[in-house]
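Asks: Just passing along the structure, written as structure tokens.
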Amino acid sequence: MRGTSRPAPRAQADGLEWPLRLAAVWQQVHADPVRLTQGNTLFKRDLVRFQSDAVLSAPPIDQLAPVADPGVLALLWAKSAALLADRDGTLVADAFSPTWDGTLFPLIADLFSALPQVEAWDPLAGYAPTENGLSPGPTAGFLALLLARKYVHPDVVAEWLWSHHPSWAGVIPTDARDKGAAWVRGYLLGVAYPLGLVEVAGETGGGNQGAVPSNQVVRLSPIGRHLLLGKKEPLAPPAFPQTLLVQPNAEVLVYRQGLTPPLVAALSRFAGWKGIGPACTLELTPEQTYRGLESGLTLPMIVQTLNRHGTRPVPAGVADLLQRWASKRERITVFSSAVLVEFQTPAELDAAVARGVVTLRLTDRIGMTADGSEPSLSHLRLVGNRDYESKPQRCLTVADDGVTLTVDTPQADLLLEAEIGQFAEALPIEQNGTRKFRLTPATLRGAQAAGRPLTDIDQWFLERTGAPLSAAGRLLLLGGQLPPPQAARLLVVKFPTAEIADGVVQWPGTRALVAERLGPLAVVVEEEHFEAFRAALAEVGVRAMFG
């Protein structure tokens, strides 16, 4: 199929349209999960909800061709891109994937790879689930992009698909006379163009509901050629960090050219999307602030995000509103059960909270989801799990010095750190992630003062190390409670055999002169008694000499 001569190309889309819409979907599902039927289709309530949503159903800023049910497409696309998770027949908001932490092009690549998994949507019919779950749409759309290596008219692409695709013509309405040209325009200009995959040359038709003049042609954009043809990845667009303005009425105005995936994900967690356009609008509300706080954000983190990316500081009135909303949320929450996740370092927990893998911080290294459910394990490297109804496992090794404790991470559980803090102080984490603690007099005596007798301490060490408190630990704990040691100058007498030492200790002639036996071969004699001790030994033929 030959390319088409064309005029100079029009400006390429910025690629943000669909990431913004998927973020808005994530936010809506986070507030109100979507139930699925037994056939894995949408209930009418949710279908109408996403078909009529003001933000999701609004046309893009530079719409070239309309598509049916764009809100439903965004919902299904968010699910295939792992922004939403199916939990027992209910779609719930999942954590933003790591691609949302970087620049725009990797995110576009991630969303493009997820697009072929959207089977139940069609550019002309909109939401169109099939009985067998298979649709020719994904393959037809992929082929349409491959056919746009050079500038080509959508009608030419449609004609090729009509003649070569084995089943695509079956989804085109029987009364359509264009042989699928409107379908191709909807896919290339309504889906691929806003994602930044294609560029357009020619007139746009003056906004006449997506009408395409005869001279309008499409071609893969630089990022499209990179993804589909293996060409060099284009340079990332320039960054404009200060891109938003918080207004006194608690609305946030965000200039589109400064938006990045991390900022879109961050704003979606605590501010509600009201409009997507050249200048996007969001609103700070109590409900959205509560959800942001429940997702693991803190009030300082929210204000810092707004100030860091703002052209002006947050107005005092808005900061006061956020403070009041945050203070109302402070309450005790009781979970009947929960899955706790322990991270190796505080930095790893920070990263997980930023991506939404966990939302609540329980300690500097332990977190959990907002409802206590199991987080998405696809974003975690699991090294172990624990059943806390079973007895504690041995997970500590006592060093030769008797006071240094090394944690066996795969065997450790989440309660260890809270428990060990009663007896030992933490040492800096080593580069390989090994965690160590050290017994000190202050920590051990503090545990005893808090009502932990020596028997309890011994029992804890038996459970965690396999042995009672070490001798060095007992010295640190009990040393100050015992009578002071006595220093005296004594002489140690060593014998060649244990039998002679036994005899010296037993024989009345020397027994009274022995102060203490030190071992099988040695006894202690006071200095003033040594001459008498030596004379007694001489009587039996044993000569005692100074070494």
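Read-outs throughout are calculated quantities, based only on the coordinates presented, and are distinct from any laboratory measurement. Note that this is a predicted model, so its numbers are computed, not measured. Cβ sites come from the backbone with ideal geometry, for glycine too, and all protein chains shown count toward neighbours.
Asks: So between residue 527 and residue 31, what do we pick up on full extension, going 0.36 nm a residue minus the alpha carbon distance?
Replies: 169.9 nm is the gain from fully extending residue 527 to residue 31.
Asks: Here's another thing I want to ask about it. Please compute the net charge surrounding residue 363, taking Lys and Arg as +1 and Asp and Glu as -1 over other residues with Cβ under 9 Å from its Cβ.
Replies: -1
Asks: Which value, in debye to the nearest 20, describes the size of the charge dipole of segment 244-329 about its Cα centre when Lys and Arg Cβ atoms bear +1, Asp and Glu Cβ atoms bear -1, and nothing else is charged?
Replies: 100
Asks: Would you work out the charge dipole size for the chain about its Cα centre, treating the Cβ of every Lys and Arg as +1 and the Cβ of every Asp and Glu as -1, and quote it to the nearest 20 debye?
Replies: Computed about the Cα centre, the dipole is about 1340 debye.
Asks: If packing is taken as the average number of other Cβ atoms within 10 Å across a peptide's residues, how do 510-518, 426-434, 285-293 rank, most packed first?
Replies: In decreasing order of mean packing, 510-518, 426-434, 285-293 become 285-293, 510-518, 426-434.
Asks: Now for a different question. Select from 102, 475, 139 the residue farthest towards the positive end of the dipole of the chain; place +1 on Cβ of Lys and Arg, -1 on Cβ of Asp and Glu, and compute about the Cα centre.
Replies: 139
Asks: Can you pull the one-decimal nm distance between simple spin-label points at residue 236 and residue 399, each 7 Å off the Cα toward Cβ?
Replies: 4.1
Asks: Identify, among 519, 507, 493, the residue whose Cα sits farthest towards the positive end of the charge dipole of segment 490-539, taking +1 on the Cβ of Lys and Arg and -1 on the Cβ of Asp and Glu, with the dipole about the Cα centre.
Replies: Going by the Cα projections, it comes out as 519.
Asks: Can you count the Lys pairs in the chain whose Cα atoms are under 29 Å apart, with each pair 8 or more apart or on different chains?
Replies: 9
Asks: Using only DSSP helix segments of four residues or longer, with each worth -39500 (n - 2.57), what per-residue ellipticity at 222 nm results for the chain after dividing by its residue count and rounding to 500?
Replies: Result for the chain, helices only: -10500 deg cm²/dmol.
Asks: Applying a 10 Å radius around every beta-carbon, put 267-273, 90-96 in order of their mean neighbour count, most first.
Replies: Packing proxy ranking, top to bottom: 267-273, 90-96.
Asks: With a sphere of radius 14 Å drawn around the Cβ of residue 440, what net charge do the other residues whose Cβ falls strictly inside it have (Lys, Arg +1; Asp, Glu -1)?
Replies: Computed value for this residue: +2.
Asks: For the chain, build the charge dipole from Cβ charges (+1 Lys, Arg; -1 Asp, Glu) around the Cα centre, then report which of 304, 126, 446 sits farthest towards its positive end.
Replies: Of 304, 126, 446, it is 126.
Asks: Using label points projected 7 Å from each Cα along Cα→Cβ, tell me how many nm separate residue 429 and residue 255, to one decimal.
Replies: 3.9
Asks: Go through [x] 0.98; [y] 1.54; [z] 1.19 and flag the label whose value is the computed Cα Rg over 2.2 N^0.38 Å for this structure.
Replies: Checked against the structure: label [y].
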